[in-house]
Amino acid sequence: MKGPVKGIIFAVDETASHDGPGLRMNVYLKGCPLRCAWCHSPESISPEPEVVWYSAKCKKCNECSKACPDKIISFGRIDPELRNKCKKCRRMCLRACMNGALEVKGKETTALEIAEYAEKLAPFFRRSGGGITITGGEPAFQMDFTVEVLKLCRSKGMHTAVETSGYAQWKVFEKIAEVTDLFLFDIKHPDDKLHRAYTGVSNSLIFGNLARLIKKGANVVVRLPLIPGYNDSLQTVRETAGRIKETGVIKVSLLPFNPASAGKYSWLNLAYPLSCTKPQPVEYIKELETIAVNAGLEVVHYG
């Protein structure tokens, strides 16, 4: 007998408003095949639960190191090069920390549990035109879980959305599309060589999937996460707008740089790659949106 469909998530936000229409419940999945230089959620990259460290709560007692049988943690910090050696024993380091400075990001849950959680918020979804959004990480990385959650929520009349990098085999997106009302489809860079340099993967599969989703009749909003010095120049946005227009996309959303992820890097003892980087001025974002409109695209805002 087939058991419940399970997945690994690292967070749930019951009051999200920027990842689709209306009030939304965002479910954040672990695991991502990309390695974006500006990753907003470094805790989402690994597909496995992992220990994170909150420096503000740490009293520097080093009891965590004394408790760790493999001695890979010191004063709350796990060396990034040793992180993959964590055997996830019995999480002795967490029990040794009396100040709550250590926590596991990522837990196993079932699709049914998530759907039942979302159903409790259904009245708010109906009033606001909202629903559930599966994000990450990369939802396609946990295809079976993503599909089952969305199928269960849709059966209860909830609007469903998926935020994706677009990087997975077409058969994965074809299956997800059957239970998804809205795709929030990120495009990082129009140039394949630079896309490889910045994210670790080619963009050919991504643009191919985007075109096939449009041809299939899926409702897609392309999102451009604008990162200063990487992809937010006038010329780059002009080229990006042209390429996505060629796929048949109509709607686009431009996302200004958000520096709020800096603290997350300290959780994992990683250097923040965009220190001192500031969000683009509102006037500059409006100029980029004008480029998109001139390319024949409709600019969409959520929240």
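Odds and ends about this structure:
- Each peptide in 168-177, 221-230 receives the mean, over its residues, of other Cβ atoms within 10 Å, and ordering these scores from highest gives 221-230, 168-177.
- Cα coordinate range in region 50-105, projected on the principal axes (Å, largest first): 25, 18, 17
- Note, ³J(HN,Hα) from phi for region 63-77, Karplus 6.51, -1.76, 1.60, rounded to Hz, x at Gly and Pro: 5, 5, 5, 5, 7, 6, x, 9, 6, 9, 10, 9, 6, x, 9
- Amide H contacts for Ile227 (H built 1.01 Å from N in the peptide plane; partners 5 or more residues away or on another chain; cut-off under 5 Å): Asp232.
- Centre separation in Å (Cα based) which lies between region 26-69 and region 160-201: 24 Å
- Computed on the Cα trace of the chain, the radius of gyration divided by the Kirkwood hydrodynamic radius gives Rg/Rh = 0.98.
- The packing ranking of peptides 44-53, 118-127, highest mean first, is 44-53, 118-127, where packing means the average number of other beta carbon atoms within 10 angstrom of each residue.
- Counting only residues at least eight positions apart within a chain, or on another chain, the aspartates and glutamates with an alpha carbon under 14 Å from that of Lys30 are Glu43, Glu48, Glu50, Glu108, Glu138, Asp144, Glu163.
- Here Lys215 is the anchor, and the lysines within straight C-alpha reach of less than 24 Å, apart from those fewer than 8 places off in the same chain, are Lys151, Lys171, Lys175, Lys188, Lys245, Lys251.
- Scalar couplings 3J(HN,Hα) for region 179-186, obtained by applying the Karplus form with A = 6.51, B = -1.76, C = 1.60 to θ = phi - 60°, are 10, 10, 7, 8, 9, 9, 10, 6 Hz; x denotes Gly and Pro.
- The residues His18, His159, His301, when put in order of fewest to most other Cβ atoms within 10 Å, stand as His301, His18, His159.
- Ranking of Met25, Met158, Met98, Met143 by count of other Cβ atoms within 10 Å, fewest first: Met98, Met143, Met158, Met25
- As computed over region 1-138, the Cα convex hull volume per residue (Å³): 156 Å³
- Sum of -39500 (n - 2.57) over DSSP H runs of 4+, divided by residues of the chain (222 nm, nearest 500): -9500 deg cm²/dmol
- Zone of Asp144's modelled label, taken as backbone nitrogen in region 91-110 under 19 Å from a point 7 Å along Cα→Cβ: 107-110
Rule-based calculations on the coordinates, nothing more; no lab input. On a predicted model such as this, the values are computed, not experimentally measured, just so you know. Neighbour counts run over all protein chains shown; Cβ positions are idealised from the backbone, glycine included.
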